[in-house]
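Structure first, then comments.
None of the figures in this text is laboratory data; all of them are computed from the coordinates on show. Owing to the predicted nature of the structure, the values given are computational and were not obtained by experimental measurement. When we count neighbours, we look across all protein chains shown, and the Cβ atoms used for this are built from the backbone with ideal geometry, even at glycine.
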């Protein structure tokens with residue numbers, strides 16, 4: 001069954017340092033996509049970055065990059081130069097075509113706290 | 001500015017009442033979704049709609065109903081049959097069912113049973 005695992009319930013990082021949030025996934029479908037979202041305390045989910053299973057290069061968006069290791073089935077989010085505003089919940093999600101391609105499968109999230 | 005508007009932000013429901021959560025988008029997106037978020041459980045799909053007048057059940061549709069009479073609107077009704085409705089509800093939309101751009105989410109409605 002398709003599954004997303006985020007093993008870090010909570011993470012701390014000092015301002016201006018880099019942090020890696022882990023995400024592993026399980027799917028038997030060769031075509032899938034991986035997403036990272038940020039949820040601040042206000043509740044809104046904010047799309048950060050996307051990686052397709054056939055993409056040759058790791059995705060990057062500003063300070064966000066995705067360390068995509070297909071053989072290990074991992075898609076870790078790297079945030080460089082952390083800012084206080086990065087404190088939030090971070091969710092990894094997967095879209096695949098196995099069974100039902102009309103939904104995203106979500107991890108339980110990682111709470112990130114950036115210390116000044 | 002384009003986006004998704006959810007209202008109200010906070011909603012209180014008495015036992016046995018039906019309540020309706022509003023979701024409106026001006027992004028011209030075809031697909032819309034309703035998710036429920038409980039602490040420690042991530043997001044779970046309630047209903048989704050690909051086009052007007054069509055919608056499909058998600059993983060936890062029991063006790064909920066939806067309509068899609070207009071492209072812009074996808075209201076969710078939490079019926080009295082939903083035994084544990086206290087949760088955070090998120091509405092989302094996407095260009096289509098398969099998109100590399102992810103979903104755009106509203107700011108959510110927090111529903112509490114009193």
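Brief remarks on what is shown
- Per-bin percent of Cα-Cα distances, chain A [5 Å]: 2, 12, 24, 25, 19, 11, 5, 2, 0, 0
- Over all pairs of different C-alpha atoms in the range A:1-57, the reciprocal of the mean inverse distance, the Kirkwood hydrodynamic radius, equals 13.7 Å.
- Counting Cβ atoms of other protein chains within 10 Å of each residue's Cβ and taking the mean over peptide A:42-50 gives 6.
- Spacing of the two label points (7 Å from each Cα toward its C-beta) at residue A:60 and residue A:72, in nm: 2.0 nm
- Entry note: the range A:37-88 has Rg to Rh equal to 1.01, where both radii use alpha-carbon atoms and Rh is the Kirkwood radius.
- Peptide B:35-47, shielding by other chains (average Cβ, 10 Å cutoff): 4
- Contact order normalised by residue count of chain B, Cα under 8 Å, 6+ apart, percent: 35 percent
- Shielding of peptide A:105-112 by partners, expressed as the average count of other chain Cβ atoms within 10 Å per residue Cβ, is 3.
- Working from label points 7 Å from Cα in the Cα-to-Cβ sense, the residue B:38 to residue A:80 distance is 4.1 nm.
- Rotationally averaged projected area of the protein assembly as shown (alpha carbon convex hull; nm²): 12.8 nm²
- By DSSP, the beta bridges lying fully in the protein assembly as shown are antiparallel in about 90 percent of cases.
- The distance between label points at residue B:95 and residue B:18 comes to 3.7 nm (points 7 Å beyond Cα on the Cα→Cβ vector).
- Relative contact order (%) - the range A:9-116, alpha-carbon pairs under 8 angstrom, separation at least six: 37 percent
- Solvent-free Debye scattering, log10 I(q)/I(0), computed from the Cα coordinates of the range B:26-78 at q = 0.16 Å⁻¹: -0.45
- Modelled label reach - residue A:11, point 7 Å along Cα→Cβ, the range A:74-93 residues with backbone N closer than 13 Å: A:75-83, A:86-92
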